[in-house]
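See structure below.
The values are calculated or read from the model by the stated rules, or taken from the named source; none is laboratory data. Treat the numbers as computed from the prediction; the structure is a model and nothing was measured. Reconstructed Cβ throughout: ideal geometry from the backbone, glycine too, with neighbour counts over all protein chains shown.
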Amino acid sequence: MEIFRQEMRIAIARALGRAPADLPGEIEFPPRREMGDLSYSCFALSKEIKRPPQEIASSIAKSLSAPAFVESASAQGPYLNFTLRAADLASGTLPEIERQGDSCGRGSEGAGKTVVIDYSSPNISKHLAFHHIRSTMIGQSLCRLHRARGYRVAGVNHLGDWGTTFGKLMVAVKRLAPPGFLEGASLSGLNDMYVAFHKASEAEPSLEDEARRWFKLLEDGDAEARAMWTRFREISLADFNRVYGRLGVVFDAITGESFFNDRLDSAIKAAVDAGITEVSRGALVVPLGGGMPPAMLRKQDGATLYLTRDIAAALYRRLSYGFDRALYVTDAGQALHFRQLFEVLGKMGFEWASRMEHVPFGVLLMGGQKGKTREGNVVLLENVLDEAVRRTLDLIIEKNPGLEDREEVANAVGIGAVVFNDLKNKRVKDVNFRWEEVLNFEGDAGPYVQYAHVRAHGILRKSGGGDGKASDYSLLREKDEKDLVLLLARFDETVAKAARELEPSVIAQFLLETSAAFHRFHHNLRVIGGDADVSRARAGLVSCTGHVLKAGLGLLGMRAPEKM
Ligand code: ARG
């Protein structure tokens, strides 16, 4: 696509008697399809030469000597719109996709740059709840998108593994659990201990003080407290890793809040040395502007806070990764926390604070409720995955009982459907989870895209992989062919855009559109059994579509089965 753009830039510049480099603005995809395939907006030029953009557009249109691949060029208001010849478009773009295969969509604008992505970051000793899928899958997709564009990526899990709640759990284990409990305990067992603690502390409020004492012991490095906490962490991670494994999520580092314990004093000292702190009623705070409440670094009783750990973590990350950009993927509810964090780091004199960003997302609703069952219990992530797989398996048994590896396919499709549902709309929007929408094979859902990929493979299997001759893509001139080619040609910059805007939904929407265009193509035109040369070119188009769909699904963290 880049080559087409360059040539058009040259032609437009020539019509204006300028050098291509002096032409302001870009050759872009028009907002509406009926405007043409590419367009040039004359607004920037209008500002520069102080003539109305409409007038500029029509004068360029008159004097333009368009390159041969342009079928028509016309002024429409302030825009100059171009329609490309289908044959040139196809032969100019498909060979490249064919060459890249499943690794299409990669780019190099991130080469030499590092981005740290903090995502998932659940609190330990509780199950991953369904809502954790949001940060987890948005974050992992952002990692994949950045890697695809050449960035060095560090995906970090900032586990919530420190805090007074672990004191409670210790009291419960010591007082209420059978001896040896922690050796064989599961995460559910730990959850039961929480419940047991809360019940017991109602009758015996002094247990709360005891819990605080145990947490203090942990902070002071007491061996028994430390051993129990270590088990809490191990038990939790074993459970988390099983779920992460099912979701295909891998972290580059799991450095939880506890990791920063012995880095807190130096972080606080750096803030004090910068002269930005103040003691307010015994607590150490940083007064902030912008109507923000002051940031507290240390409480009156000496305890540090979530924010203190994030300051230490930022210093550590900057030192160990030298990042160009640092992202924090959490729900929108933490916006103030991150504004405070970035502001404090900025005041400490770190210019890189301006390159840190909170990547917020909306809430996950189930039947209008915030990830809760009708009875008010939290919905567990793994239960949703299990149900998705079970429902998918039922569908497979009903529709395609002979399918081999059906368990495997049910996993790829069921879990993929839940993931796609989470990523398909702009991340700041709330997600309303409805099974009928999640597992839709007809459109707007993950299975629809995976099914398009399956169909592409089915066609290629039937067409027998061709006769080995190279495709002549200039034979692809039908409207349905061109529509599909145009989408495939846009994949590369779609991936760049998704990474730039931190929006996996850009990929998801692109995949839905491409699947729809592919279904139309396949419905209206025959790939097999027509003219041999046309068949070969069409099979090539099908194969390119398969590559793009598979690469796109991969960027969302979804698998692309070849049968389903
Ligand atoms: N553990 C936190 C929570 O569950 C999220 C941590 C996000 N990352 C960070 N560096 N603060 O809400």
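Can you name the residue in region 268-284 that is out of contact with any strand residue (DSSP E or B) (no Cβ under 8 Å at 6 or more places or on another chain) and of a type in the set (A, V, I, L, M, F, W, C) and, of all such residues, is nearest to GLU219 (Cα to Cα)?
In this case the residue turns out to be ALA270.
Based on this model, can you work out whether MET296 counts as more than 11 Å from the ligand (Cβ to nearest atom), assigned to a strand (DSSP E or B) and in contact with a Leu (Cβ under 9 Å, 6 or more places away or on another chain)?
Spelling it out, MET296 is indeed more than 11 Å from the ligand (Cβ to nearest atom), assigned to a strand (DSSP E or B) and in contact with a Leu (Cβ under 9 Å, 6 or more places away or on another chain).
If only one of LEU345, LEU336 is farther than 24 Å from MET137 by Cβ, of a type in the set (A, V, I, L, M), within 14 Å of the ligand (Cβ to nearest atom) and out of contact with any strand residue (DSSP E or B) (no Cβ under 9 Å at 6 or more places or on another chain), which one is it?
LEU336 is the lone residue from the list that is farther than 24 Å from MET137 by Cβ, of a type in the set (A, V, I, L, M), within 14 Å of the ligand (Cβ to nearest atom) and out of contact with any strand residue (DSSP E or B) (no Cβ under 9 Å at 6 or more places or on another chain).
Out of contact with any His (no Cβ under 6 Å at 6 or more places or on another chain), within 17 Å of LEU364 (Cβ to Cβ) and away from the ligand (no atom under 11 Å from the Cβ): is that true of ARG144 in this structure? Write out each step before concluding.
Details: out of contact with any His (no Cβ under 6 Å at 6 or more places or on another chain): yes; within 17 Å of LEU364 (Cβ to Cβ): no; away from the ligand (no atom under 11 Å from the Cβ): yes.
It is false that ARG144 is out of contact with any His (no Cβ under 6 Å at 6 or more places or on another chain), within 17 Å of LEU364 (Cβ to Cβ) and away from the ligand (no atom under 11 Å from the Cβ).
Checking SER354 against (1) modelled with pLDDT of 95 or more; (2) within 28 Å of ALA412 (Cα to Cα), which test does it fail?
Just one mismatch for SER354, condition (2).
Report yes if GLY245 is surrounded by fewer than 20 Cβ atoms within 10 Å (Cβ to Cβ), closer than 20 Å to SER135 by Cβ, more than 16 Å from the ligand (Cβ to nearest atom) and without any contact (Cβ under 8 Å) to a residue 40 or more places away in the chain, otherwise no.
Taking the combined requirement at face value, the residue satisfies it.
Among the candidates VAL115, VAL173, single out the residue that is within 16 Å of the ligand (Cβ to nearest atom), buried (at least 22 other Cβ atoms within 10 Å of the Cβ) and over 26 Å from VAL418 (Cα atoms).
None of the others qualify; the one that does is VAL115.
Can you tell which of GLY107, GLY17, GLY101, GLY36 is crowded, with 19+ Cβ neighbours inside 10 Å and not charged (D, E, K, R)?
Checking each option against the conditions leaves just GLY36.
Have a look at ILE124, ILE138 and point out the one that is near the ligand (Cβ under 10 Å from one of its atoms) and crowded, with 24+ Cβ neighbours inside 10 Å.
ILE124
Select the helices (runs of 4 or more DSSP H) contained entirely in region 115-227, then report the ones holding at least 1 residues which are among the acidic types (Asp, Glu) and within 24 Å of ALA253 (Cβ to Cβ). Even if it seems obvious, please write down each step before you answer.
Numbers: elements: 132-148, 165-176, 181-184, 187-203, 206-219.
Fully inside region 115-227 and qualifying: 206-219.
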